[in-house]
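Peer 1: Okay, handing you the structure first.
The values are calculated or read from the model by the stated rules, or taken from the named source; none is laboratory data. These figures come from a predicted structure and were not determined experimentally. A quick note on method: Cβ atoms are made from the backbone with ideal geometry, for glycine too, and the neighbour counts reach across all protein chains shown.
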Amino acid sequence: MATRAFRNIGIIGGGAWGTALAQTLCLAGRQVLLWAREADVVSEINDTHANTPFLPGVTLDKGLRATSALGDLAACDVILMVAPAQHLRAVGAELRKAVPAGMPVLICAKGIEQATGKLLVEVLSEVMPEAIPAILSGPSFAADVARGLPAPSHSRWRTRRTAKRSPTPSAIVICASIGRRTSRACSWAAP
């Protein structure tokens, strides 16, 4: 079984959860580019290393960079989709134009698409059929994660081999303790 570590990570969503994940991954030694739609959030993250509208009281790692251009994420090894559930379809459709086929996309949002009743992985598979979808799940809160408190999380990935059997992610599982001591955050093992 081969293991691949993602070093260059793109995160879509500059809210509390997206920023907390970005902070954690920076502290784990990853290069992180955070996309936010709000120009003031992008400026504040880049200029003062803070995101006071969404994550007040947390000083962000100086290596964390933010952008408002989805195309900037094209060079990333993996994308964490942290946009709210009801925006995943629109953001995913735009992202598809910007990133190469085969891009791993880890859904970090919760919920279902209200208009269709579909799971978020189903929505992602419709708008980004060439992506490698995955789902992050775990009992965690953004403020705790941003402050480095332990928060176990799990993800499930879909591979080409399992895609023929199931439209939802399966077969590859990672378990990482998200916190200041994370050393293997965002890695995956191929069966």
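Peer 1: Please verify whether Val58 is out of contact with any strand residue (DSSP E or B) (no Cβ under 6 Å at 6 or more places or on another chain) and outside any loop (DSSP other than H, G, I, E, B), treating the condition exactly as stated. Break it down stepwise before answering.
Peer 2: Values: out of contact with any strand residue (DSSP E or B) (no Cβ under 6 Å at 6 or more places or on another chain): yes; outside any loop (DSSP other than H, G, I, E, B): no.
For Val58, the condition - out of contact with any strand residue (DSSP E or B) (no Cβ under 6 Å at 6 or more places or on another chain) and outside any loop (DSSP other than H, G, I, E, B) - is not met.
Peer 1: If you don't mind, there's one more thing I want to ask. Residue under question is Ala74, and the condition is that it be of a type in the set (Gly, Ala, Ser), without any contact (Cβ under 8 Å) to a residue 12 or more places away in the chain, within 21 Å of Val127 (Cβ to Cβ) and in a helix (DSSP H, G or I); does it hold? Let's see the steps before the verdict.
Peer 2: Numbers: of a type in the set (Gly, Ala, Ser): yes; without any contact (Cβ under 8 Å) to a residue 12 or more places away in the chain: no; within 21 Å of Val127 (Cβ to Cβ): yes; in a helix (DSSP H, G or I): yes.
No: the conditions fail for Ala74.
Peer 1: State which residue is nearest to Lys110 (Cα to Cα) when the search covers only the stretch 8-18 and only residues that are in contact with a strand residue (DSSP E or B) (Cβ under 7 Å, 6 or more places away or on another chain) and crowded, with 24+ Cβ neighbours inside 10 Å.
Peer 2: Of the stretch 8-18, the ones in contact with a strand residue (DSSP E or B) (Cβ under 7 Å, 6 or more places away or on another chain) are 8-12, 14, 18.
From the residues that got through so far, the ones that are crowded, with 24+ Cβ neighbours inside 10 Å too are 9-12, 14, 18.
Details: Ile9: 20, Gly10: 19, Ile11: 15, Ile12: 14, Gly14: 16, Gly18: 12 Å.
Per the stated criteria, the residue is Gly18.
Peer 1: Another one. If a residue has to be over 12 Å from Asp61 (Cα atoms), modelled with pLDDT under 95 and of a type in the set (A, V, I, L, M, F, W, C) to count, how many in the stretch 1-43 make the cut?
Peer 2: 7
Peer 1: I would also like to ask the following. Just the residues that are buried (at least 16 other Cβ atoms within 10 Å of the Cβ) and assigned to a loop (DSSP other than H, G, I, E, B), please, taken from the stretch 77-104. So that I can check it myself, show each step before the final result.
Peer 2: As a first pass, look at the stretch 77-104 and keep what is buried (at least 16 other Cβ atoms within 10 Å of the Cβ): 77-83, 85, 88-89, 91-92, 95-96, 98-99, 103-104.
Scanning the stretch 77-104 gives Asp77, Val82, Ala83, Val99, Met103.
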